[in-house]
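The values are calculated or read from the model by the stated rules, or taken from the named source; none is laboratory data. The structure displayed is predicted, hence computed values, not measured ones. Glycine also receives a Cβ, built like all others from the backbone with ideal geometry; neighbour counts cover every protein chain displayed.
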Amino acid sequence: MTERLSARGTIALVTDDFTELELEAPTPTKEYAPDGPLSWQGYDASRARAAERTGEEESVVCGRATIGPTAAVLIAFEFGFLGGSLGERTGDRLESAYAYAREHRLPVVSLIATGGSRMQEGMRALTQLQRVARQSALTREAGLPQLAVLRDPTTGGGWATLGAGADVILALPAAQVGFAGSRVRPPDADPAAYTAESQVATGAADAVVHPEDLRPTLTLWLELLTNPATEPAPPPPALSASPTLPATGREAVERARAPRRPRADAYLDAYFTRRTTISGDRVGGGTDPGMLCGFGEHDGRTIAYAAQLGTPTRPAGYRTATRLIHLADRLNIPVLTLIDTPGAANDAEAERQGAGTAIAALFTAVATARTPVTTLLIGEGGSGGALALAAPDNTWATPDSYFSVIAPELAAAILKRPEEQIQATADELRLRPQDLVELRVVRGISGPLGGA
């Protein structure tokens, strides 16, 4: 289990420039009742002991900080203060911090360590989650990014609002993360399911970050997510080694399937000076290693990317790409998509995971995005599983690519043609890059051949 740092100890990990917000005292109409709203005997004494032990007045510390070059509102939980629990005063502080972030147009970074809602305040404590959820929603609508760092432990409503509701979710190694705390789980529950690593594996969090890497990681994320732009992303130049376009449909397919043909990671490395990734579909479907999504810097501006890696795309991959496009759209960041898949995964497990609904959601996200989307077809473009990632009217192709309503082999099988007619079928499908230009499926061919 990772070392349990105090709120201010965690703040010191990420910034040397922190100024605590001056929060207004309760108005006369909102004086806190002795021993809380339930008149819980000894509650005020417990709070006093917690304050003396931690040096804090409440379970959260809120302030303005500079992380790298970016100013942000920082919210840090003090687990030593009644288990970092949320009460009415906690809600007051969180609401004030979010309001300050919106007023000053600042991103919000939450360093979470909490056991959940405060029992001594009963339902009044639990309803603070509604306040937090509303403040998070208002901040989202204002186009401001929210990042969360999950410390040990992050459980209950703190995980279900500030944590899981953030745009980017990072976690410290071996931190306990889950809605159910350790004392309320079934006795036979697998403890490994309630860890930061498990949450990343199931797609509920983006990455595990070691404490020494937390500052540079947050610095990069904040720089990338606070750099909006209105111009579309330029398509990357083709990395093709082929000086000519394919002469036949069969040649186009063979070149797109060639093992040594440049893949998405090579394009991303050449295109971005630095980049980072998001991971996971946020609905328990896990991750898809065949889909890379994230944000990077190209010519001094931020561009979001969703890139297929040449494998059949799984529902988690489509949902992660959808999540990326929604986030980029909200933050006014242009999107680049790279298409390279033989098609959507069509095994039974993919169907059980909702392949159709996942693809439909991505089609909708691309079609309705207000931020510009640019697409480059870099390899195989297999049917709707590839088209879902394509920008209407702003898709380009490389010389080593093809796009087809169906793979030639499958088309021949459906038409009950013999194997020797697959080549002729590929030609009839008109799937070569130059065919796609003529059919107005793509705008042009990227690279020296097309001059995109």
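Just one of the listed residues (Gln120, Gln128) is more than 22 Å from Gly286 (Cα to Cα) and in contact with a Phe, Trp or Tyr (Cβ under 8 Å, 6 or more places away or on another chain), namely Gln120.
Yes or no, residue by residue, for (1) under 21 Å from Ser383 (Cα atoms); (2) surrounded by fewer than 20 Cβ atoms within 10 Å (Cβ to Cβ):
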site	(1), (2)
Val283	no, yes
Gly286	no, no
Ile303	no, no
Ala306	yes, no
Leu327	no, no
Arg330	no, yes
Pro342	yes, no
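Evaluation of Ala48 against the conditions (1) farther than 23 Å from Pro145 by Cα; (2) surrounded by fewer than 17 Cβ atoms within 10 Å (Cβ to Cβ); (3) touching a Lys or Arg at 6+ places or on another chain (Cβ under 7 Å) shows that the sole unmet condition is (3). Among the residues of region 136-167, those identified as assigned to a loop (DSSP other than H, G, I, E, B) and of a type outside the set (D, E, K, R) are Ala142, Gly143, Leu144, Pro145, Ala164, Gly165, Ala166. Any residue in region 211-225 that is surrounded by 20 or more Cβ atoms within 10 Å (Cβ to Cβ) and at pLDDT below 95? Looking through region 211-225, none of the residues is surrounded by 20 or more Cβ atoms within 10 Å (Cβ to Cβ) and at pLDDT below 95.
Considering (1) surrounded by 21 or more Cβ atoms within 10 Å (Cβ to Cβ); (2) without any contact (Cβ under 8 Å) to a residue 40 or more places away in the chain, the lone condition that Leu338 does not fulfil carries the number (2). Pairs meeting the criteria (first residue in region 284-303 and over 17 Å from Asp329 (Cβ atoms), second residue aliphatic (A, V, I, L, M) and surrounded by fewer than 21 Cβ atoms within 10 Å (Cβ to Cβ), beta carbons under 6 Å, at least 6 apart or on different chains) are Gly290/Leu309. Can you tell me which residue in region 308-325 is nearest to Leu222 (Cα to Cα), limited to those that are crowded, with 24+ Cβ neighbours inside 10 Å and either in the same structural domain as Thr219 (by TED's automatic domain parsing) or of a type in the set (Gly, Ala, Ser) (or both)? Within region 308-325, the match that is nearest to Leu222 (Cα to Cα) is Ala321.
Here's the yes/no breakdown for (1) farther than 19 Å from Tyr98 by Cβ; (2) hydroxyl-bearing (Ser, Thr, Tyr); (3) over 38 Å from the mean Cα position of the chain (by Cα); (4) at pLDDT below 95:
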| site | (1), (2), (3), (4) |
| --- | --- |
| Glu3 | yes, no, no, yes |
| Thr10 | yes, yes, no, no |
| Leu13 | yes, no, no, no |
| Asp17 | yes, no, no, no |
| Leu21 | no, no, no, yes |
| Lys30 | no, no, yes, yes |
| Gly36 | yes, no, yes, yes |
| Ser39 | yes, yes, yes, yes |
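Taking into account only those residues within region 317-356 that are among the charged types (D, E, K, R) and in a helix (DSSP H, G or I), which is nearest to Ile303 (Cα to Cα)? The selected residue is Asp329.
Tell me yes or no: at least one residue of region 205-227 is touching a helix residue (DSSP H, G or I) at 6+ places or on another chain (Cβ under 6 Å) and closer than 30 Å to Ala391 by Cβ. Yes, region 205-227 contains at least one residue that is touching a helix residue (DSSP H, G or I) at 6+ places or on another chain (Cβ under 6 Å) and closer than 30 Å to Ala391 by Cβ.
Looking at the structure I just gave you, is Ala101 of a type in the set (Gly, Ala, Ser) and modelled with pLDDT of 95 or more? So Ala101 passes the test.
Among residues of region 55-72 that are farther than 11 Å from Val109 by Cβ, those with a beta-carbon under 7 Å from a residue that is buried (at least 24 other Cβ atoms within 10 Å of the Cβ) and among the aromatic types (Phe, Trp, Tyr) at least six positions away or on a different chain give the pairs Glu56/Phe81; Glu58/Phe81; Ser59/Phe77; Ser59/Phe81; Val60/Phe77. Output the residues belonging to region 226-242 that are surrounded by fewer than 17 Cβ atoms within 10 Å (Cβ to Cβ) and either within 26 Å of Thr425 (Cβ to Cβ) or in contact with a Leu (Cβ under 8 Å, 6 or more places away or on another chain) (or both). Within region 226-242, Pro228, Ser242 meet the criteria. Val253: outside the structural domain of Gly285 (by TED's automatic domain parsing), closer than 28 Å to Gly310 by Cβ and touching a strand residue (DSSP E or B) at 6+ places or on another chain (Cβ under 6 Å), yes or no? So Val253 does not fit the description; no. When you scan region 365-378, do you find a residue that is charged (D, E, K, R), in contact with a Phe, Trp or Tyr (Cβ under 7 Å, 6 or more places away or on another chain) and on the phi < 0 side of the Ramachandran plot, even just one? No: region 365-378 contains no residue that is charged (D, E, K, R), in contact with a Phe, Trp or Tyr (Cβ under 7 Å, 6 or more places away or on another chain) and on the phi < 0 side of the Ramachandran plot.
The set of residues from region 191-210 being charged (D, E, K, R) and crowded, with 19+ Cβ neighbours inside 10 Å comprises just one member, Asp206. Checked across region 404-416, the condition of being in the same structural domain as Ile333 (by TED's automatic domain parsing), at positive phi, assigned to a helix (DSSP H, G or I) and touching a residue at least 40 places away in the same chain (Cβ under 8 Å) holds for no residue.
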